[in-house]
Structures are given as structure tokens and as C-alpha cells.
1. Could you order the peptides 121-133, 168-180, 98-110, 187-199 from most to least packed, using the average number of other C-beta atoms within 10 Å per residue?
2. Run through the DSSP bridge list for the chain and note the antiparallel percent, rounded to the nearest 5.
3. So what J values fall out for the range 129-136 if you push phi through Karplus, 6.51 cos²θ - 1.76 cosθ + 1.60 with θ = phi - 60°, rounded to Hz, Gly and Pro as x?
4. Put +1 on the Cβ of every Lys and Arg and -1 on every Asp and Glu Cβ in the range 5-217; which of N16, Q211, G193 then has its Cα farthest towards the positive end of the dipole?
5. For S117, what residues show an amide H to amide H distance below 5 Å, using hydrogens built from the backbone and excluding near sequence neighbours?
6. Grab the other residues whose beta carbon is less than 11 angstrom from that of F204, score K and R as +1, D and E as -1, and report the net.
7. Using amide H atoms built 1.01 Å from N in the peptide plane, name the residues 5+ places from A7, or on other chains, whose amide H lies under 5 Å from its own.
8. Which whole-number percent gives the relative contact order of the range 72-219, counting Cα pairs below 8 Å spaced six or more residues apart?
Amino acid sequence: MSKVIVAPSLLSGDFNNLSVELTRMQNLGIKYLHFDVMDGHFVKNISFGAPILKSLRPHYDFVMDVHLMISDPLAYVKQFYEAGADIITFHLEAYDHDKIIECLNLIKSFNIKCGLSIKPNTKVEELIPYIDQLDLILVMSVEPGWGGQSFMENSLFKIKFLRDYIDEHKLNCLISVDGGINDQTGTLCKEHGVDVLVAGSYLFNKDDLEQRIILLEGN
Ligand code: DX5
Ligand code: ZN
């Protein structure tokens, strides 16, 4: 099995100990940092916004992978770009077709990567009208809003569907999965063709972090 990208989700970080932990992750070869933004409206929880990203940005080399779980991403894309986002992903459920296209175009106008995410109850086929414009698809394997939930197995067939479609059409789009990822569910996702594993509670505040990263990455 080939190596996947492991993207720790900052949502599970201990903010009192963040620089220690992020430096440790960077030294262990972690390339992506997943940044979960929640507005208390699109999801029933509030997390953090662009100022936190801006304060972290100069200190790390991570690809800043921003996941907007918010109702009006168009209004915030510029802020996150200016704060240092490398990839901005928003939710397909947030908008109708025309606004999805408008938001993807806005993200691309900043010369950064764009992604679309789907919640567990959204059909994977709904991504098809946009897929040739995407750099990343984020399959939610839990209901977005909280870390530490159990992986939903229906995401596996979505990953496989996307893997086959992307390969068949020779597209350049990463498949990422987010929610309930550990060594076992991560292996299942890899078997179904995932490229990026987002993991929060499995990675943060763990003494055996190095071993856990190795288990997720595979070889
Ligand atoms: C859920 C977030 C996830 C979450 C993952 O709304 O998008 O990134 O933090 O956390 P774990 O890995 O603990 O399920
Ligand atoms: Zn996320």
C-alpha cells in the first residue's frame, strides 16, 4: 500500500501546548495541518477563525488545509487566504450550484487550492458536476461539528467511487477523509483509495505519536 498524507486536525490540539506539539509533528515529517472552522450555524459548534491561522502560519512549513464548516464561505475566503491558507475546502451543502461555482472561482483567483466536502448523508454523485475543478474532495466520515466521534463506514464506498472516477478520468484531485480516523479505520480508507487521512483525537496529546503516524502512513 502506498503512503498517504496524514493531516492532524488542530481541533483536538491543546492550545496551551500547541507550539510543542506542532513542532514535534513537523519534526516527525507531518506535511499538512487540518484547520477546522465552525461558525455555530452550519454546524452546532464554534471553533476558531482566521486570526489563529495567521498567528501560526509564520512558524511552520505545513500545508495549511482549511476546512470551512460555515454557512457563507464566500464571505470569508479572502480572510483565510490572507491568513495563509494553502487549501480552502467548503461544503457542497452550504450553497446552490451557482454559488458553489462562484466560491470555487474565488478560491482559485487567489492561486491556492480548492476543495469541496460532503457530509455523511450527502450522495457522492453530487460532487461530479464540480470534480474536474477540484484539487481536493473531503469525505466527512462523521457528522461535522465535533472531534472524537466514531467512523461511519458508508464513507468507504464514497472513497472507492471517487478513486475509480478520478483514475478513470485522469483527474488531479486528492481524496481526503475526515472523522473517526485511527489505525484501523485509516487502513480501511487506504484500501479504498484515499490520499489524505485527517486525524484529530488519534494524534494529539499522544506519547506514542511517532508510532501512530507510522501506522496511519503505511509504507
Ligand atoms: C469534525 C472535524 C474533524 C475532527 C476530526 O467536524 O472536521 O476534523 O476534528 O477529529 P477526530 O479525528 O477526533 O474524529
Ligand atoms: Zn475537518
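1. On the way: 121-133: 14.1, 168-180: 18.9, 98-110: 15.7, 187-199: 21.6.
Result, highest mean first: 187-199, 168-180, 98-110, 121-133.
2. On the way: 1 of 34 bridges.
That works out to approximately 5 percent antiparallel.
3. With coefficients 6.51, -1.76 and 1.60, one gets x, 10, 4, 6, 9, 9, 8, 8 Hz.
4. Of the options given, the answer is N16.
5. Under 5 Å from the amide H of S117: F90, H91, L92, L138.
6. For residues surrounding F204, the net value is +1.
7. For A7, whose amide H was placed from the backbone, the distant partners under 5 Å are L197, V198, A199.
8. Numbers: 222 pairs, mean separation 26.0, N = 148.
Normalised by residue count, the contact order of the range 72-219 is 18 percent.
None of the figures in this text is laboratory data; all of them are computed from the coordinates on show. Fair warning: this is a prediction, and the values are worked out from it, not measured in the lab. Please note: Cβ atoms are built from the backbone with ideal geometry, for glycine as well, and neighbour counts cover all protein chains shown.
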